[in-house]
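A.B. asks: Structure incoming, see below.
Just so it is clear, none of the values below were taken in a lab; they were calculated from the coordinates. Note that the coordinates shown come from a computational prediction; the quantities given were computed from them, not determined experimentally. Quick reminder, even Gly has a Cβ in these numbers, built from the backbone with ideal geometry, and neighbours come from all protein chains shown.
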Amino acid sequence: MSDVVVIDEIIEDAYDTKTFVFKWDPEVRPGQFIMVWIPGTDEIPMSVSGISEHVKSITVKAIGDATRRLHEYKVGDRISIRGPFGNGFDLSSKNVLIIGGGVGTAAVMPAVVQTGADTIIAARSDKDLILVEKAKKYSGNVWIATDDGSAGFHGNAVQLMREKLKDKKYDCILACGPEVMLYFTYKAC
Ligand SMILES: Cc1cc2nc3c(=O)[nH]c(=O)nc-3n(C[C@H](O)[C@H](O)[C@H](O)COP(=O)(O)OP(=O)(O)OC[C@H]3O[C@@H](n4cnc5c(N)ncnc54)[C@H](O)[C@@H]3O)c2cc1C
């Protein structure tokens with residue numbers, strides 16, 4: 001069964017990324033996703049990037065047909081969603097490091113908000129960084145990495161993670177981002 005929700009707010013996070021905010025009551029755990037139906041185009045998975053009791057959000061990077069179409073939606077338009085799906089993150093560890101790469105940052109943001117854990121946000125360049133200010137509101141340690149060095153650490157998320165692990169040990173690392181980032185994060189762990 002799907003729910004139809006009305007877009008209440010649209011936030012421009014970056015030149016190609018927007019957050020869509022809507023009222024929706026179901027309980028969602030950090031890391032879960034919903035299916036978003038874009039009529040005539042596709043139904044696509046989107047992580048829930050903002051979770052409060054009655055309001056949720058998704059953060060969408062325009063890369064193809066469905067996501068570009070979604071970017072044309074305005075405040076007041078309706079979207080049809082199903083979910084939430086997935087297990088979400090296990091947030092039971094005490095000492096957590098959270099890593100968001102590119103639009104994967106959207107998926108880890110509710111975990112940052114809930115735990116206030118140390119966070120690495122990585123992107124290709126400063127113009128691709130998203131949700132940094134939001135992360136800083138909830139976490140005392142938000143470290144930035146960009147591939148081209150235009151903001152923060154000059155290098156990728158895994159290189160910065162290795163630097164941070166020299167100073168501090170973590171019980172658990174939560175990450176969402178490109179597959180290659182996840183592979184090397186896992187190997188480093
Ligand atoms: C569980 C889950 C959660 C997700 N959460 C989010 C989310 O929170 N926000 C979000 O924006 N997306 C998220 N995605 C990805 C999103 O579902 C896809 O971007 C979307 O399905 C693409 O549909 P489309 O019709 O716009 O693109 P399509 O028309 O299907 O085209 C996709 C094309 O873009 C290329 N491509 C894929 N990824 C990228 C990229 N990162 N940059 C540039 N090109 C790329 C592909 O190779 C392909 O050619 C999630 C995916 C999964 C599986």
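A.B. asks: Just to verify a number: FRET efficiency for GLU163 and PHE85, C-beta to C-beta distance, R0 = 35 Å, to 0.05?
C.D. replies: The computed FRET efficiency comes out at 0.50.
A.B. asks: For the chain, what is the mean residue ellipticity at 222 nm derived from helices alone (per DSSP H run of n ≥ 4: -39500 (n - 2.57); sum divided by total residues; nearest 500 deg cm²/dmol)? Provide the component values of the computation, followed by the final result.
C.D. replies: On the way: 5 runs with 47 residues, N = 189.
It lands at -7000 deg cm²/dmol.
A.B. asks: Show me, for segment 64-73, the HN-Hα J-couplings you get by feeding each phi into the Karplus relation (A = 6.51, B = -1.76, C = 1.60, θ = phi - 60°), rounded to Hz, glycine and proline as x.
C.D. replies: For segment 64-73, the Karplus curve yields x, 4, 5, 5, 5, 5, 4, 5, 7, 5 Hz.
A.B. asks: Right, something else. Express in whole angstrom the spacing between the alpha-carbon centres of segment 125-189 and segment 45-84.
C.D. replies: Taking the Cα centre of segment 45-84 as reference, the centre of segment 125-189 is 25 Å away.
A.B. asks: How long are the semi-axes of the equivalent ellipsoid of the chain, taking √(5λ) for every eigenvalue λ of the Cα gyration tensor, in whole Å from largest down?
C.D. replies: Values: eigenvalues 161, 66, 39 Å².
So the three semi-axes of the chain are 28, 18, 14 Å.
A.B. asks: Residue-wise, which Karplus ³J(HN,Hα) couplings in Hz belong to segment 137-154, taking 6.51 cos²θ - 1.76 cosθ + 1.60, θ = phi - 60°, and x for glycine or proline?
C.D. replies: My calculation for segment 137-154 gives 5, 10, 10, x, 10, 10, 10, 10, 10, 10, 4, 9, x, 6, 8, x, 5, 8 Hz in order.
A.B. asks: To the nearest 10 degrees, how steep is helix 179-188 against the longest Cα principal axis of the chain, on a 0 to 90 scale?
C.D. replies: The angle comes out at about 30 degrees.
A.B. asks: Also, quick follow-up: Work out the P(r) tail for segment 89-189: percent of alpha carbon pairs separated by more than 21 Å, whole number. Don't skip to the answer; put the middle values down first.
C.D. replies: On the way: 1096 of 5050 pairs.
The answer is 22 percent, as a whole percent.
A.B. asks: Pull up the cross-link candidates among the aspartates and glutamates for LYS164, meaning alpha carbon to alpha carbon under 13 Å and not fewer than 8 places away within one chain.
C.D. replies: The reachable aspartates and glutamates, counting only those whose Cα sits under 13 Å from LYS164, are ASP118.
A.B. asks: Among DSSP beta bridges whose residues both lie in the chain, state the antiparallel percentage, nearest 5.
C.D. replies: The answer is about 65 percent antiparallel.
A.B. asks: Answer with one residue from PRO39, SER80, HIS154: the one whose Cα lies farthest towards the positive end of the charge dipole of the chain, charges on Cβ with Lys, Arg +1 and Asp, Glu -1.
C.D. replies: Of the candidates, HIS154 comes out farthest on the positive side.
A.B. asks: Just tell me which aspartates and glutamates come within less than 18 Å, Cα to Cα, of LYS23; anything on the same chain fewer than 8 places away is out.
C.D. replies: ASP3, ASP8, GLU9, GLU53, ASP77
A.B. asks: From the P(r) of segment 144-189, could you give the percentage of C-alpha pairs in the tail past 11 Å?
C.D. replies: When every Cα pair of segment 144-189 is considered, 67 percent fall beyond 11 Å.
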